[in-house]
Amino acid sequence: MDHFPTNWGRPRNDAYDAYGTFPLPHRPNNDTKDAFASGVQRTQQPIVTGTSVLALKYKDGIMMAADNLASYGSLARFKDVQRLHPVGKYTVIGAGGDISDFQYIQKFLEELIIEEFTSQDGHDLGPAEIHEYLSQVMYARRSKLNPLWNSLLVGGFKDGKSFLAYVDLLGTTYSASTLATGFGAYLAQPILRKEVEGKETELTEDEAIRIMETCIRVLYYRDARSIDKYQLATITADGVKISDSRHISTSWSFAEGIRGYGAQTQ
Amino acid sequence: MPDTLSLSQSQPQQHAFNPYTENGGTILAIAGADFSVIAGDTRQSEGYNIQTRYAPKVFRLTDKAVLAVNGFAADGNMFVKKVRQRLEWYRHAHAKDMPIRAIARLIQTMLYSRRFFPYYVYNILGGIEEDGTGAVYSFDPVGSYEREACRAAGAAQSLVQPFLDNQIYFKNQTPAPGTSFPRHLPLSTVLSLVIDSFTSATERHIEVGDGLEIYVVLAKNSPSIQGLRDVRGVSELTSTDDGERVFVVRRELKKD
């Protein structure tokens, strides 16, 4: 029982607090409290994080790229983490944001795929279904104010059609022929759009790899939470392929010529 | 008086997760005598980023009702999904499409049921009333609504609505002596106004652009069909033979 009449709600009874001397923000806070409220853990910020994921449409299907770093704040904590994950036979998801939330997503998607497999009904989940499922989970979690702190790309190829879409911790979704999460949205997306838009049905796999390498290199030069080790995934009529870790070449010789800060005397 | 300060300070300091964002774009609807036009751009953005150049904001609900949603895109998509589900249930129960004034009231109760965790979405519902007149209903995020002749909402509402007030309601205009302003405009004029509204909003608002989708709903045997046939980029979406017909006109907008 709340013994403070001022908390009983409107209309205010003139017998108590006739002049409104007890403004709302200063009323005694004696709501019933969950004794364990402070024990309920919600993701309020990401802890171990991955940075950008890139994806594009090309002639044969979808190509996706993500580096192998999982950061702990500014510390490069885990340098051999795979952020591209196959789901079923036709789909790859790539994750930026909290890595433990991503691992949880991998777990329940695996359970989903197994459940669908065991029904043996002649249907299996393609990228569109997996994206719809994921976006409903992400939106439900944000609505409980307990989000899965990720930006995800879902890419796939099924029944001769390629599929590429985005979903994030708010449940926001969209689709386009090039997508990039995190810093990639600023640094890689302009390059991807310039190279890919309007050429989705002509780009060869080699050209797509070259574009991805360019973007990963730009990100490695400018995104302090990135690393020069990355993986490429392709999803085509031949199925899902995720490459071994690759190394991106960089050139730092220009640094010799930079004057103006540091210890040079001339 | 209880020590309220110490009570509030004893709670752990937490940085709250913000479950909302704004995804830009603009929608607009105009009612004619026997038609209704509902339009929206197709850009989806967050901050200065364009997320995609094609994310529809206008949805055909039935052959006599079209809904435009603008604001937080995730809420918008979920809201349209739930409205469609309710309309399907209605169809199964009553073997007919829900009338637009009933859809309007449905939308108001659905929005108000989330009064304390609102769908962050501005809705505009356009279509044909049971009496065959063109209708536009506009809503705020918690369900306040009214029937109007025209309404703009979204990022460029403040650019488009005054233009519509002037061109549809003839506000701040005086008719030539001995004449009066028309109550309803013909479809061709309305389409021109819609296209001009969006090209202008695209020029002056960074969140508007990329593509334009204009839905046109015609009442039974509407003569307005004549002018619609030769409009560039038009295609028909009608799915029943109730008599009302739905068309969509797709146009490009500037992409910068």
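List every residue pair whose Cβ atoms lie under 7 Å apart, where the two residues are 6 or more positions apart in sequence or sit on different chains, the first residue falls within the range B:101-124 and is under 22 Å from B:Glu22 (Cα atoms), and the second residue, located anywhere, is open to solvent by 40 Å² or more (accessible area, probe 1.4 Å) and modelled with pLDDT of 95 or more.
Close Cβ pairs (under 7 Å, with a partner that is open to solvent by 40 Å² or more (accessible area, probe 1.4 Å) and modelled with pLDDT of 95 or more) amount to B:Gln108/B:Tyr145; B:Met110/B:Lys82; B:Tyr120/B:Tyr20; B:Tyr122/B:Asp140; B:Ile124/B:Arg151.
Considering only residues that are open to solvent by 10 Å² or more (accessible area, probe 1.4 Å) and under 30 Å from A:Asp60 (Cβ atoms), look in the range A:136-157 and name the one that is farthest from the other protein chains (Cβ to nearest Cβ).
Going through the qualifying residues, I end up with A:Phe157.
Does the range A:191-206 contain any residue that is open to solvent by less than 10 Å² (accessible area, probe 1.4 Å), within 14 Å of chain B (Cβ to nearest Cβ) and touching a residue at least 60 places away in the same chain (Cβ under 8 Å)?
Scanning the range A:191-206, I find at least one residue that is open to solvent by less than 10 Å² (accessible area, probe 1.4 Å), within 14 Å of chain B (Cβ to nearest Cβ) and touching a residue at least 60 places away in the same chain (Cβ under 8 Å), so the answer is yes.
Going by the conditions given, is B:Leu111 aliphatic (A, V, I, L, M), in contact with a Gly (Cβ under 6 Å, 6 or more places away or on another chain) and surrounded by 15 or more Cβ atoms within 10 Å (Cβ to Cβ)?
Judged against the criteria, B:Leu111 is a match.
Can you pull out the residues in the range A:247-266 that are of a type in the set (S, T, N, Q) and in a loop (DSSP other than H, G, I, E, B)?
A:Ser249, A:Thr250, A:Ser251, A:Gln264, A:Thr265, A:Gln266
Just checking, how many residues over the range B:40-66 are open to solvent by less than 10 Å² (accessible area, probe 1.4 Å) and in a loop (DSSP other than H, G, I, E, B)?
Number of matching residues: 3.
In the set B:Ser197, B:Ser235, B:Ser180, B:Ser144, which member is hydroxyl-bearing (Ser, Thr, Tyr) and surrounded by 13 or more Cβ atoms within 10 Å (Cβ to Cβ)?
The match here is B:Ser197.
Is it fair to say B:Lys82 is assigned to a helix (DSSP H, G or I) and either under 13 Å from B:Val136 (Cα atoms) or among the basic types (Lys, Arg) (or both)?
For B:Lys82, the condition - assigned to a helix (DSSP H, G or I) and either under 13 Å from B:Val136 (Cα atoms) or among the basic types (Lys, Arg) (or both) - is met.
Cβ-Cβ distance below 7 Å, separation of 6 or more or different chains: which pairs start in the range A:45-56 with a residue that is within 14 Å of chain B (Cβ to nearest Cβ) and end on one that is in a loop (DSSP other than H, G, I, E, B) and open to solvent by 30 Å² or more (accessible area, probe 1.4 Å)?
A:Gln45/B:His15; A:Pro46/A:Trp149; A:Ser52/A:Gly182; A:Ser52/A:Phe183
Take the conditions without any contact (Cβ under 8 Å) to a residue 12 or more places away in the chain, on the phi > 0 side of the Ramachandran plot, more than 14 Å from chain B (Cβ to nearest Cβ) and not β-branched (Val, Ile, Thr) and apply them to A:Gly122. Does it pass?
yes
Restricting to the range B:179-206, count the residues that are under 16 Å from the mean Cα position of the chain (by Cα) and either modelled with pLDDT under 95 or β-branched (Val, Ile, Thr) (or both).
Count: 3.
Given the criteria over 29 Å from B:Ser192 (Cβ atoms) and open to solvent by less than 30 Å² (accessible area, probe 1.4 Å), does B:Phe35 qualify?
no
Would you confirm, using the coordinates I've provided, whether A:Gly160 is at positive phi, in contact with a helix residue (DSSP H, G or I) (Cβ under 8 Å, 6 or more places away or on another chain) and surrounded by fewer than 22 Cβ atoms within 10 Å (Cβ to Cβ)?
So A:Gly160 fails the test.
Residue under question is B:Asp75, and the condition is that it be within 14 Å of another protein chain (Cβ to nearest Cβ), of a type outside the set (Val, Ile, Thr) and either open to solvent by less than 10 Å² (accessible area, probe 1.4 Å) or farther than 29 Å from A:Leu153 by Cβ (or both); does it hold?
Yes: the conditions hold for B:Asp75.
Filter the range A:163-190 for residues that are open to solvent by 50 Å² or more (accessible area, probe 1.4 Å) and at the interface with another protein chain (Cβ under 8 Å from one of its Cβ atoms) and give the result.
Across the range A:163-190, the qualifying residues are A:Ser175, A:Tyr186.
Checking B:Gly178 against (1) small (Gly, Ala, Ser); (2) in contact (Cβ under 8 Å) with a residue 12 or more places away in the chain; (3) at positive phi: exactly one of these is not met. Which one?
Of (1) small (Gly, Ala, Ser); (2) in contact (Cβ under 8 Å) with a residue 12 or more places away in the chain; (3) at positive phi, only one is false for B:Gly178: (2).
Looking only at the range A:98-127, count every residue that is under 17 Å from the mean Cα position of the chain (by Cα) and not basic (Lys, Arg) and tell me the total.
Looking only at that region, the number is 12.
Looking only at the range A:84-102, count how many residues are free of Cβ contacts under 8 Å to residues at least 40 places away in the same chain and open to solvent by less than 20 Å² (accessible area, probe 1.4 Å).
Matching residues across the range A:84-102 total 0.
Which number in (1) over 12 Å from the mean Cα position of the chain (by Cα); (2) surrounded by 15 or more Cβ atoms within 10 Å (Cβ to Cβ); (3) in a strand (DSSP E or B) marks the one condition that A:Ala66 misses?
Result: A:Ala66 fails condition (1) only.
When the range B:50-68 is examined, which residues are found to be aromatic (Phe, Trp, Tyr) and either more than 14 Å from chain A (Cβ to nearest Cβ) or touching a helix residue (DSSP H, G or I) at 6+ places or on another chain (Cβ under 8 Å) (or both)?
B:Phe59
The values are calculated or read from the model by the stated rules, or taken from the named source; none is laboratory data. Predicted, not measured: the structure shown is a model, and the values here were computed from it. Methodologically, a virtual Cβ is constructed for each residue, glycine included, from the backbone with ideal geometry; neighbour enumeration extends over all protein chains shown. For accessibility, only protein heavy atoms count, side chains too; no ligands or nucleic acids. Shrake-Rupley method; radii C 1.70, N 1.55, O 1.52, S 1.80 Å.
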